[in-house]
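The structure under discussion appears below in the form of structure tokens.
All of the numbers you see were taken from the coordinates with simple rules; none came from a lab. Treat the numbers as computed from the prediction; the structure is a model and nothing was measured. Glycine also receives a Cβ, built like all others from the backbone with ideal geometry; neighbour counts cover every protein chain displayed.
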Amino acid sequence: MDYQPYDDKTQLDRQIERYPLSFTRNPSAPLIQRPLTLTERTGPVGLERELGAGPLDLSRACVEGPSRPRAVGQLISVFGRVTDEDGSPIPNAIVELWQANSAGRYIHEMDKTDSPLDPNFTGQGRLLTGPEGEFQFYSVKPGAYPVLESGWWWRPPHIHFSIFGVSWMDRYVTQIFFPGEPLNETDLLLNAVHERDARNRLIFEYDSTSMGAVNAISYRRDFVLRGHRQTPALE
Amino acid sequence: MLPSPFCTIGPYFPYDFVDGLEDLTHFNGIAAQGRHISISGRLLEQGGKPTRNSILEIWQPDANGIFRHPLDPCHAQADPGFRGWGRARTDAQGNYGFRTVLPGSYSENGCARCPHINVMILAIGVTRRLVTTLFFADSPESVRDPVLDCVPEASRARLFPRLVSTSGAAAGEYHFDFILRGGEETPFFLD
């Protein structure tokens, strides 16, 4: 595979006005160009058993039991495909997911809001992509929540994705937003992607063609991980 | 097709996705071959402030210099007791710690690679991962390596973890502070 550096125009800015940590946590020296050798072209693969990646339904508590009640909130079905830049599917990719519950609360000691936890919702899990790079999971739509220390910034509903592709170069982490949310207009992260087409690739598409389950709204998001197949050198 | 935009990991990455993965010395119930070492230190931002609640991931070859990955021509001989990949989080003081094996050297295009561990850093305020590589050698100044050679000479020594002790219980303990900005800033690679 051939890996080109990410094109800044299609990515978030590294430094974002009104987001102070983006100024104190990014290097001042220019990033150093290096050759891509075996160590960068390889990466963590085949860890699905150890990491416990499999079919995923976040809308029910992860504890197994005779009755697994649903979490409170709007039931959603999220699906899509993981491919490389050539559109070739990436099968057996581990996808880690985490999100707030429908009240905008995470199970995490850093979450200092007083929104309620839901005993039937953990908001975290891992799945594995299928032979065509496809994935699907159920969940409930996450709520918005405030960034308390900012004094003004409400994070729009979003789901976090962390994907293990085929190498160290395509290891990928992001957040995906919901279409039509008023808070999308003011979110510092979403709006740190300037090109509209690129920004839209951080937003789910409402899928009106499938119902997923009887009462689940379907959302689609495809992911393109960095990497082209190498073209053979000309003779 | 263009790669999807990267975004910050945020403050709420589940601890369940991290805890236990900072130890690479056992895999599938088998102990890893080679010399078991620890690497620990702090993640610091501008002004030497600790960067808490951040995630570090590492990727490295086993003690024999083999990657657990099909692209490595020797991967069938990879150590079955070594995962190759690990993840740790920083505490309120910015401390992290890994247990792993001293990576082996290997030959690539006729040149011997200096033993190394790849690192990526994910944190609030870091919209795109930061990547660097740590190198291990007795005398850093004499090392030739195709990746290390790209780093300005004056800052190469910053990529070598310090061996805390060579004897006793502390043998194999390495110390490394990642400095994201300012002062003896850690060199990071274009990604």
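Skipping prolines and chain starts, which residues have an amide H placed within reach, meaning under 5 Å, of the one on A:Gly104, given they are 5 or more residues away or on another chain?
Correct list: A:Gly143.
How would you classify the range B:105-182 from its alpha-carbon gyration tensor, with a ≥ b ≥ c the square roots of the eigenvalues: rounded for a/c under 1.5, else prolate if a/b is greater than b/c, otherwise oblate?
The shape class here is oblate.
Roughly how crowded by other chains is peptide A:187-196, in terms of the mean Cβ count from those chains within 10 Å of each of its Cβ atoms?
Averaged over the peptide's residues, the number is 2.
GNM, chain A, Cα, under 10 Å: largest mean-square fluctuation among A:Asp170, A:Asp111, A:Asp57?
Maximum among the listed residues: A:Asp111.
I need the per residue convex hull volume for the range B:15-178, using only the alpha carbons, in cubic angstrom as a whole number. All intermediate terms of the calculation are to be shown ahead of the outcome.
Numbers: hull volume 23.2 nm³, N = 164.
Normalising the Cα hull of the range B:15-178 by residue number yields 142 Å³.
Using a Förster distance of 60 Å, how high is the FRET efficiency between A:Glu195 and B:Ala31, based on the Cβ-Cβ distance and rounded to 0.05?
The formula returns an efficiency of 0.75 here.
Alpha carbon centre of the range A:93-147 versus the range B:18-71: separation in Å?
26
Please give the charge dipole size of the protein assembly as shown, origin at the Cα centre, charges +1 on K and R Cβ atoms and -1 on D and E Cβ atoms. Round to the nearest 20 debye.
Once rounded to the nearest 20, the dipole reads 540 debye.
Going highest first, how would you order A:33-46, A:147-160, B:58-71 by mean Cβ packing within 10 Å? Could you put the intermediate results ahead of the total?
On the way: A:33-46: 18.2, A:147-160: 16.6, B:58-71: 22.5.
Those peptides, ordered most packed to least, come out B:58-71, A:33-46, A:147-160.
Net charge near A:Arg25: determine it from the other residues with C-beta under 10 Å of the C-beta of A:Arg25, scoring Lys and Arg +1 and Asp and Glu -1.
+2
Between B:Ser139 and A:Phe23, what is the label-point separation in nm under the 7 Å Cα-to-beta-carbon projection?
Those two pseudo-labels are separated by 4.6 nm.
Starting from the coordinates of the alpha-carbon atoms of the range A:100-164, obtain the Kirkwood hydrodynamic radius over all distinct pairs and give the value in Å to one decimal.
Numbers: mean 1/r = 0.0741 Å⁻¹.
Here the Kirkwood hydrodynamic radius works out to 13.5 Å.
Across peptide B:12-20, what mean number of C-beta atoms from other chains lies inside 10 Å of a residue's C-beta?
The per-residue average across the peptide is 6.
Quote the FRET efficiency, to the nearest 0.05, computed for B:Ala92 versus B:Ala169 with a Förster distance R0 of 25 Å and r equal to the Cβ-Cβ distance. If you can, show how the numbers build up before the last one.
On the way: r = 27 Å, r/R0 = 1.06.
Efficiency for this residue pair is about 0.40.
Counting only other chains, what is the mean number of Cβ atoms within 10 angstrom of the Cβ of each residue in peptide B:122-134?
Per-residue shielding by partner chains comes out at 6.
Helix-only mean residue ellipticity at 222 nm, chain A, DSSP H runs n ≥ 4 weighted -39,500 (n - 2.57), per residue, nearest 500. What is it?
-1000 deg cm²/dmol
Using only the alpha-carbon atoms of chain A as identical scatterers, what base-10 log of I(q)/I(0) does the Debye formula give at q = 0.14 Å⁻¹?
Each listed q corresponds, in turn, to -1.04.
Which residues does a label at B:Cys74 reach in the range A:24-61, if reach means a backbone N under 15 Å from a point 7 Å past the Cα toward the Cβ?
From the range A:24-61, the list is A:38-39.
Test of understanding: what is the full-extension gain from A:Thr113 to A:Arg229, defined as 0.36 nm times their sequence separation minus their Cα-Cα distance?
Stretched fully, the A:Thr113-A:Arg229 segment lengthens by 37.2 nm.
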